[in-house]
Amino acid sequence: MSEKNNIGTVGWIDLTVPDATAVRDFYKTVVGWNHSDVSMGEYSDFCMIPPSSENPVSGICYARGNNKDLPPVWMIYIVVEDLEKSLASVKELGGELTSEIKTIAGQGKYCIIKDPAGAISALYQEE
């Protein structure tokens, strides 16, 4: 989520799994993605990059640290203008928050939600 995104667009997609290296290699073979490592201290998550580009299109992450409770689904991060206001609307309209607000240093903050139909996504506010 390094470039500024328009409100209401999908700013990023992540897949969080117990064995990110194996899943990274799966998608490298199946769809031809390259990858770059993202240091998380004692391990690396991965930005996945199409073969015809230098710009990452998604992340594949280990289910550790802040990500330990995320489900193993392709999570979209929808850009909102005011995260707190959007989260209040989620609750008012029958959705629920499935995480606390989390911060990505130097980038923004997000919260995982469940809509009234049970679909999970994240709302993301850029800094």
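The values are calculated or read from the model by the stated rules, or taken from the named source; none is laboratory data. Note that this is a predicted model, so its numbers are computed, not measured. Don't worry about glycine lacking a Cβ; one is built from the backbone with ideal geometry, like all the others, and counts go over all protein chains shown.
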Tally time: how many residues in segment 58-99 are basic (K, R) and touching a Cys at 6+ places or on another chain (Cβ under 7 Å)?
-> 0
Kindly list, by first and then second residue, each pair from a residue in segment 80-95 that is in contact (Cβ under 8 Å) with a residue 24 or more places away in the chain to a residue that is of a type in the set (K, R) and surrounded by 12 or more Cβ atoms within 10 Å (Cβ to Cβ), limited to pairs with Cβ atoms under 7 Å and residues at least 6 apart or on different chains.
-> L83/K109
Given (1) touching a residue at least 12 places away in the same chain (Cβ under 8 Å); (2) within 19 Å of E126 (Cα to Cα); (3) in a strand (DSSP E or B), C61 misses just (2)
Return the only residue of P56, P50 being touching a strand residue (DSSP E or B) at 6+ places or on another chain (Cβ under 7 Å) and either small (G, A, S) or not assigned by TED's automatic domain parsing to the domain that holds G8 (or both).
-> P56
The condition of being among the small types (G, A, S) and under 15 Å from the mean Cα position of the chain (by Cα) holds, among S52, S58, only for S58
Limited to segment 12-31, what total is found for residues that are surrounded by 12 or more Cβ atoms within 10 Å (Cβ to Cβ) and aliphatic (A, V, I, L, M)?
-> 5
Specify which of the listed residues (K102, K28) is under 19 Å from E126 (Cα atoms), among the charged types (D, E, K, R) and either in contact with a helix residue (DSSP H, G or I) (Cβ under 6 Å, 6 or more places away or on another chain) or not assigned by TED's automatic domain parsing to the domain that holds Q125 (or both).
-> K102
Select from segment 72-109 the residues that are of a type in the set (D, E, K, R) and part of a helix (DSSP H, G or I) and list them in ascending order.
-> E84, K85, K91, E92
Residue among T16, T21 that is of a type in the set (S, T, N, Q), in a strand (DSSP E or B) and at pLDDT 95 or above = T16
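For every residue, the table says whether it meets (1) farther than 23 Å from H35 by Cα; (2) touching a helix residue (DSSP H, G or I) at 6+ places or on another chain (Cβ under 9 Å); (3) at pLDDT below 95; (4) surrounded by 18 or more Cβ atoms within 10 Å (Cβ to Cβ).
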position: C61; (1), (2), (3), (4): no, yes, no, yes
position: G65; (1), (2), (3), (4): no, no, yes, no
position: D69; (1), (2), (3), (4): yes, no, yes, no
position: D82; (1), (2), (3), (4): yes, no, no, no
position: E92; (1), (2), (3), (4): yes, no, no, no
position: G106; (1), (2), (3), (4): no, no, yes, no
position: I113; (1), (2), (3), (4): yes, yes, no, yes
position: L123; (1), (2), (3), (4): yes, yes, no, yes
Without any contact (Cβ under 8 Å) to a residue 40 or more places away in the chain, over 18 Å from I113 (Cα atoms) and assigned to a strand (DSSP E or B), is that true of S52?
-> no
